[in-house]
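> Okay, handing you the structure first.
The values are calculated or read from the model by the stated rules, or taken from the named source; none is laboratory data. Quantities reported herein were computed from a predicted structural model and do not represent experimental measurements. Here the Cβ positions follow ideal geometry from the backbone for every residue, glycine too, while neighbour counts run over all protein chains shown.
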Amino acid sequence: MQILVVDDETDVRDLFQQRFRREIRSGELHFSYAFSGEEALDFLRSHRSEVLIILSDINMPGMSGLDLLGRVKEEFEMPPTTMVMITAYGDDESYNKAMQLGANDFLTKPVDFGVLKDKLLHLLR
């Protein structure tokens, strides 16, 4: 399963590779990374049919994760199966806006990787 992780903090790549080591090695999960909303859109344009899940931070410089969510829903006729927003701010306003824009799920930082892993593996079934 192809997952695009969008976060302006570059250390997120090492964190995901460490936390999902077994699933990556076994080929269950494959992660790609974009470090801005704009980079994520470029990636999606060139890998449109490959990405099944987008995990996106909300608070990023330039295009926010919520802006990205809106653009993905507008621009792509067949958007990814699931779009999960991740934020350090679990406020009702961010949650409601994400859901109105079509997010499938909403997680707060620090991410509980056990919960995230369960959600991702459930989507595989």
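> Only residues that are part of a strand (DSSP E or B) and in contact with a helix residue (DSSP H, G or I) (Cβ under 8 Å, 6 or more places away or on another chain): list them for segment 1-26, please.
Correct list: Ile3, Leu4, Val5, Val6.
> Would you pick out the residues in segment 75-115 that are of a type in the set (D, E, K, R) and within 19 Å of Phe20 (Cβ to Cβ)?
Within segment 75-115, Asp105, Lys109, Asp112 meet the criteria.
> Select from segment 9-31 the residues that are surrounded by 17 or more Cβ atoms within 10 Å (Cβ to Cβ) and free of Cβ contacts under 8 Å to residues at least 60 places away in the same chain and list them in ascending order.
Those that are surrounded by 17 or more Cβ atoms within 10 Å (Cβ to Cβ) and free of Cβ contacts under 8 Å to residues at least 60 places away in the same chain: Val12, Phe16, Phe31.
> Here's another thing I want to ask about it. Being surrounded by fewer than 15 Cβ atoms within 10 Å (Cβ to Cβ), of a type outside the set (Phe, Trp, Tyr) and touching a residue at least 40 places away in the same chain (Cβ under 8 Å), is that true of even one residue in segment 87-107?
No, every residue in segment 87-107 fails to be surrounded by fewer than 15 Cβ atoms within 10 Å (Cβ to Cβ), of a type outside the set (Phe, Trp, Tyr) and touching a residue at least 40 places away in the same chain (Cβ under 8 Å).
> Sticking with this structure for a sec: Which condition does Asn59 not pass, out of (1) within 15 Å of Ala98 (Cβ to Cβ); (2) surrounded by 18 or more Cβ atoms within 10 Å (Cβ to Cβ), if it passes all the others?
With (1) within 15 Å of Ala98 (Cβ to Cβ); (2) surrounded by 18 or more Cβ atoms within 10 Å (Cβ to Cβ) applied to Asn59, the lone miss is (2).
> Let me ask another. Return the residues of segment 72-125 that are within 19 Å of Leu29 (Cβ to Cβ) and either touching an Asp or Glu at 6+ places or on another chain (Cβ under 6 Å) or part of a loop (DSSP other than H, G, I, E, B) (or both); say none if nothing qualifies.
Once the filter is applied, which keeps residues that are within 19 Å of Leu29 (Cβ to Cβ) and either touching an Asp or Glu at 6+ places or on another chain (Cβ under 6 Å) or part of a loop (DSSP other than H, G, I, E, B) (or both), segment 72-125 yields Pro80, Thr81, Val84, Ile86, Asn104, Val111, Asp112, Arg125.
> When both residues are 6+ apart or on different chains and their Cβ atoms are under 9 Å apart, which pairs have a first residue that lies in segment 50-70 and is at positive phi, and a second that is surrounded by fewer than 23 Cβ atoms within 10 Å (Cβ to Cβ) and outside any helix (DSSP H, G or I)?
Note: pairs meeting the criteria are Gly62/Asp8; Gly62/Ser36.
> Right, another one. So, in segment 27-42, how many residues would count as being modelled with pLDDT under 95 and either in contact with a Phe, Trp or Tyr (Cβ under 9 Å, 6 or more places away or on another chain) or in a helix (DSSP H, G or I) (or both)?
Going through segment 27-42 one residue at a time, the tally reaches 2.
> If I filter segment 52-60 for residues that are closer than 20 Å to Pro110 by Cβ, among the hydroxyl-bearing types (Ser, Thr, Tyr) and either in a strand (DSSP E or B) or at pLDDT 95 or above (or both), do I get at least one hit?
yes
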